[in-house]
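Novice: Supplied in structure tokens, the structure appears directly below.
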Amino acid sequence: MSSSVSKYFQDKYKPSVGPDELEQPLYNPDLLKKLDWSKITHMKNGVTSSTPGEGLLVRPLCKGDYDKGFLQLLSQLTKVEIFPEKKFEERFEQMKSCRDHYFVTVIEDTDKGEIVGSATLACELKFIRGCAKRGRLEDVVVNNEYRGKQLGKLIVSTITLLAKEVGCYKIGLDCKDEMKPFYSTIGYGSEKGNDNTMIIRF
Ligand code: 16G
């Protein structure tokens, strides 16, 4: 790559593709600049998506992130096969072609050039509530070695604010029971009489 993804975003932070095709962001990074952190009280030391901490960068997933340990990070959440880069690029393009639907957002350790946190906002278009949009918080993961830096709260709050910014009327999530206390510190909670997630696994 002629310059790193992180340098590109730090220096320019603009939506066009980078000097190398691999630097393509999944969605317009300007969206992250619009997030309103003013009402967020659970982050300490002024940490936001624009000021994530020394050597860290919050940005959209990029096509070149296959080489930055993105799949390896996801494998800390659930089963992930490490498939070839071509397959990653195909899935990336599929997601990108569903305009305004997938907002995979990552935290990069820019010193190491490694993805250390990730979460996805998936938007579902509906006919109800005047053709509303519902957000889903998916695939939240932070590298175990980066505990204690508020990165979990940072990535989840970023996705929550992003959902608001793109016009979702609500955002929800499924998680393991043990994670409920964590999400409740960030404003997520059960609704009375509406607290059931039911699934069939295939
Ligand atoms: C968790 C994730 C979900 C992910 C699933 C994978 C959050 C908030 N929830 O429930 O997004 O897809 O784990 O587990 O990140 P599975 O592979 O067993 O379905």
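Novice: Would you check which residues across the range 166-196 are in contact with a helix residue (DSSP H, G or I) (Cβ under 6 Å, 6 or more places away or on another chain) and not in a loop (DSSP other than H, G, I, E, B) and list them?
Specialist: Matches in the range 166-196: 171 only.
Novice: Please find, within the range 52-95, the residue that is nearest to residue 159 (Cα to Cα) out of those that are within 16 Å of the ligand (Cβ to nearest atom) and touching a helix residue (DSSP H, G or I) at 6+ places or on another chain (Cβ under 9 Å).
Specialist: Step by step, filter the range 52-95, then rank; the result is 61.
Novice: Another question about this same structure. Can residue 112 be described as at pLDDT 95 or above, open to solvent by 50 Å² or more (accessible area, probe 1.4 Å) and outside any loop (DSSP other than H, G, I, E, B)?
Specialist: no
Novice: Quick check on residue 118: is it in a strand (DSSP E or B), surrounded by 15 or more Cβ atoms within 10 Å (Cβ to Cβ) and touching a residue at least 40 places away in the same chain (Cβ under 8 Å)?
Specialist: Judged against the criteria, residue 118 is a match.
Novice: Can residue 153 be described as open to solvent by less than 60 Å² (accessible area, probe 1.4 Å), touching a residue at least 24 places away in the same chain (Cβ under 8 Å) and part of a helix (DSSP H, G or I)?
Specialist: yes
Novice: Being aliphatic (A, V, I, L, M), open to solvent by less than 50 Å² (accessible area, probe 1.4 Å) and within 28 Å of residue 125 (Cβ to Cβ) is the filter here, so list the residues in the range 72-106 that pass it.
Specialist: Answer for the range 72-106, where residues must be aliphatic (A, V, I, L, M), open to solvent by less than 50 Å² (accessible area, probe 1.4 Å) and within 28 Å of residue 125 (Cβ to Cβ): 74, 80, 95, 104, 106.
Novice: Out of the range 64-87, which residues are in contact (Cβ under 8 Å) with a residue 40 or more places away in the chain and charged (D, E, K, R)?
Specialist: Passing the criteria: 65, 68.
Novice: Does residue 185 qualify as being among the hydroxyl-bearing types (Ser, Thr, Tyr), open to solvent by 40 Å² or more (accessible area, probe 1.4 Å) and under 21 Å from residue 105 (Cβ atoms)?
Specialist: It is true that residue 185 is among the hydroxyl-bearing types (Ser, Thr, Tyr), open to solvent by 40 Å² or more (accessible area, probe 1.4 Å) and under 21 Å from residue 105 (Cβ atoms).
Novice: Identify all residues within the range 102-134 that are within 16 Å of the ligand (Cβ to nearest atom) and of a type in the set (Ser, Thr, Tyr); write none if there are none.
Specialist: 102, 105, 118, 120
Novice: Tell me yes or no: at least one residue of the range 124-138 is within 20 Å of residue 37 (Cβ to Cβ), modelled with pLDDT of 95 or more and either open to solvent by 20 Å² or more (accessible area, probe 1.4 Å) or touching a helix residue (DSSP H, G or I) at 6+ places or on another chain (Cβ under 8 Å) (or both).
Specialist: For the range 124-138, residues within 20 Å of residue 37 (Cβ to Cβ), modelled with pLDDT of 95 or more and either open to solvent by 20 Å² or more (accessible area, probe 1.4 Å) or touching a helix residue (DSSP H, G or I) at 6+ places or on another chain (Cβ under 8 Å) (or both): present.
Novice: If you don't mind, there's one more thing I want to ask. Within the range 135-171, how many residues are among the acidic types (Asp, Glu) and within 14 Å of the ligand (Cβ to nearest atom)?
Specialist: Final tally of qualifying residues: 2.
Novice: Residue by residue through the range 50-82, note down the ones that are modelled with pLDDT of 95 or more and hydrophobic (A, V, I, L, M, F, W, C).
Specialist: Correct list: 56, 57, 58, 61, 62, 70, 71, 73, 74, 77, 80.
Novice: Keeping to the range 188-199, report how many residues are open to solvent by 100 Å² or more (accessible area, probe 1.4 Å) and within 12 Å of the ligand (Cβ to nearest atom).
Specialist: 1
The values are calculated or read from the model by the stated rules, or taken from the named source; none is laboratory data. If you're wondering where the values come from, they're calculated on a predicted model, not measured in any experiment. Every residue, glycine as well, gets a Cβ built from its backbone with ideal geometry; the counts of neighbours run over all protein chains shown. Remember, those area values only see protein heavy atoms, side chains included, never the ligands or the DNA or RNA. Shrake-Rupley method; radii C 1.70, N 1.55, O 1.52, S 1.80 Å.
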